[in-house]
Amino acid sequence: MVVVEWKSFWTHKLFSMSSKELVFKHGDDYGVWKLKAMGALAAKDLFGLDMELDKWVKKNYSKVKTLKGTEVEHVYEEDQEKGLLMMWRLLDKGVIKKIGEVKTCMEVFGKLDIIYQKQGGVELIVLMHKLVNLRMKRVDVETYLTDFDGVVGEVEKRGHRIVEVEKAMFMLCGIVEEWAFLRSQIFLQYGYDKLTTEVVRSALREQGHSVNFNLKTDGKEKGEKKERGSEVALFGNLRCKKCRRAGHSQENCSTKCYSCGKFGHVQYQCPELGISVNDKGGSDSTNRSGGAKHKKEREITV
């Protein structure tokens, strides 16, 4: 998939094994280096190498779920050996001497934690981990940008400066997957050198306004359809008991009789013609003859 390839590309950019910036020397910021070292291992599909076997299995469940018995331990040992070889490339000779003899990658991290872990270093690792895993919720762009600025600010307060292009890449990594096309689109337009957080902010806000406008329009149309449907259902279920027509109640009957001119019934139900409103029997010819007879009797009486 395009998203996976994009993430792999940026992982390679951020955590390239050949980068001299990743070599840890005595006096460097250990918290920041550890985060990048874990990223370099992750780029080679090596996760949780600072953990013991039981925790490593949980971290790599999808990788070992089909394995049985000693096969899991064998894969764990192989990953530890691979990780150990990679760690030697990321450590200065002086640091390697301080570590001493080790057999696994987990032992390397354990000794480095004891030697170089400073006060506040744990907080920095936690903050960087939070920054890497920060995700946008639904399409709430402003909340995401506010949270992002807050985490970056806390990291920089502890003396670690994140360069602008890395901030922009972290920001892009946290957007919803439905907007994944923005990553490739922005990178192709601005490239690695011209990529900034302001460029990403503008693109996210523009996309957010577009999505929110479409949601409001769709919601308005659905509301109108629902309202029209409820009106049809309401008036469709009404039936007047006088004229027996649908669409209105007995109290609001406006049906006019063309024989007597009164409201509440139609001509063939007119009481002036001697036909009861509830009388359903009789044909049209009977009704007409009954009405003519009734009219003739009135004239004779007069």
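Only the coordinates and a few stated rules stand behind these numbers; no lab work does. All values reported here derive from a predicted model rather than from experimental measurement. Counting neighbours? That spans all protein chains shown, and the Cβs are built from the backbone with ideal geometry, glycine included.
In order along the stretch 195-209, the phi-based Karplus estimate (6.51 cos²θ - 1.76 cosθ + 1.60, θ = phi - 60°) of 3J(HN,Hα) comes to 6, 9, 5, 5, 4, 5, 4, 4, 5, 5, 5, 4, 5, x, 4 Hz; Gly and Pro are listed as x. With both labels modelled 7 Å from their Cα along Cα-to-Cβ, the K63 to D92 distance reads 3.0 nm. Charge tally around D50: other residues with Cβ under 13 Å, Lys/Arg +1 each, Asp/Glu -1 each, net 0. Our coupling estimate for the stretch 183-192, obtained by passing each phi through the Karplus curve with A = 6.51, B = -1.76, C = 1.60 and θ = phi - 60°, is 4, 5, 5, 5, 5, 5, 7, 10, x, 6 Hz, Gly and Pro reported as x.
Please tell me which of these pairs span more than 22 angstrom C-alpha to C-alpha: K58/K130; K25/K58; K103/K130? From the list (K58/K130; K25/K58; K103/K130), the Cα-Cα distance tops 22 Å for K25/K58; K103/K130. Residues whose amide H falls under 5 Å from that of L91, counting only those 5 or more places apart or on a different chain, are F24, with hydrogens built in the peptide plane.
From least to most packed, judged by other beta carbons within 10 angstrom and beginning with the fewest, T255, T143 follow the order T143, T255. Greater than 21 Å separation of Cα atoms is the criterion. Which listed pairs, K111/K157; K137/K167; K36/K157, meet it? Long pairs (Cα-Cα over 21 Å): K111/K157. Net length available on complete extension from E272 to S202 is 17.4 nm, with 0.36 nm assigned per residue and the Cα-Cα distance removed.
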